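Values in this text are rule-based calculations from the coordinates and carry no lab data. Quick caveat, the model's predicted, so the values are computed rather than measured. Don't worry about glycine lacking a Cβ; one is built from the backbone with ideal geometry, like all the others, and counts go over all protein chains shown.
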Amino acid sequence: MNRYTFEDCQIGKKESFEAEITEEKMEAFRMISGDVNPLHTDEDFAQKKGFETKVVYGLLTASFFSTLVGVYLPGERCLIQETNFKFLKPVHILCGGGALEITGEVADRDERTKQLMLKVRIRRKSDNALVVRGKMTVGVLEDKL
């Protein structure tokens, strides 16, 4: 886990990691969220709607942004304050489509409030397709003496 301070996080600082979406994660998300939409749970239904197979929950995919800021950039000192995501393409588990690369980059900083504005992206590893893009505003907590 990174422990970057506000001063460590200059414009252009970037962190990335990889994650895999599995059937087990899909089931856990269904249990937590209660979202039983057949687009996510029924392969035949999803195919009849024009998808390759079941569609991964968008918010399961975007949940990796929490890992990005809470573990990687800035890490331990992070407090999420605002998020804005756009889902560009579906994610499927089939044929390695569940393998993702999650990236964040410091786009702006507010010295007064100790906030970072991050540009965030998720790409499918199988074809490098951008599947989610967005912006996040995070506070960077200071150590108490």
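Answer rounded, prolate or oblate for the chain, using the Cα gyration tensor with square roots of eigenvalues a ≥ b ≥ c: rounded when a/c is under 1.5, else prolate when a/b is larger than b/c, else oblate.
Values: a/c = 2.63, a/b = 2.19, b/c = 1.20.
Verdict is prolate for the chain.
Suppose the chain between K119 and T22 were pulled fully straight at 0.36 nm per residue; how much longer would it get relative to their current alpha carbon spacing? Please list the in-between numbers first.
Numbers: separation 97, 0.36 × 97 = 34.92 nm, distance 2.58 nm.
Full extension from K119 to T22 adds 32.3 nm.
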(request) Quick one: which residues, 5+ away or cross-chain, put their amide H under 5 Å from the amide H of R77? H built at 1.01 Å from N. (result) Y4
(message) With just the Cα atoms defining each centre, how far is the stretch 1-48 from the stretch 78-119? Give it in Å.
(response) 11
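Given the -39500 (n - 2.57) contribution per DSSP H run of 4+ residues, what per-residue ellipticity at 222 nm results for the chain, rounded to the nearest 500 deg cm²/dmol? Provide the component values of the computation, followed by the final result.
On the way: 5 runs with 30 residues, N = 145.
That calculation yields -4500 deg cm²/dmol at 222 nm.
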(request) With label points built 7 Å along Cα→Cβ from the Cα atoms of T83 and L39, find their separation and express it in nm. (result) 1.8
(request) Scan the stretch 101-140 for trypsin sites (Lys or Arg not before Pro) in coil per DSSP, keeping those whose Cβ has at most 10 other Cβ atoms within 10 Å, and list them by number. (result) R112
(request) Would you list, by chain and number, the lysines whose Cα falls below 19 Å from the Cα of K13, excluding same-chain residues fewer than 8 positions away? (result) K114, K119, K135
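Mind giving me the FRET efficiency for L141 and L59? R0 is 25 Å, r the Cβ-Cβ distance, nearest 0.05 is fine.
Values: r = 25 Å, r/R0 = 1.01.
It comes to 0.50.
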(message) Apply the Karplus curve 6.51 cos²θ - 1.76 cosθ + 1.60, θ = phi - 60°, to the phi angles in the stretch 40-54 and return the couplings in whole Hz, x for Gly and Pro.
(response) 9, 10, 10, 4, 4, 4, 4, 5, 5, 8, x, 9, 4, 6, 4
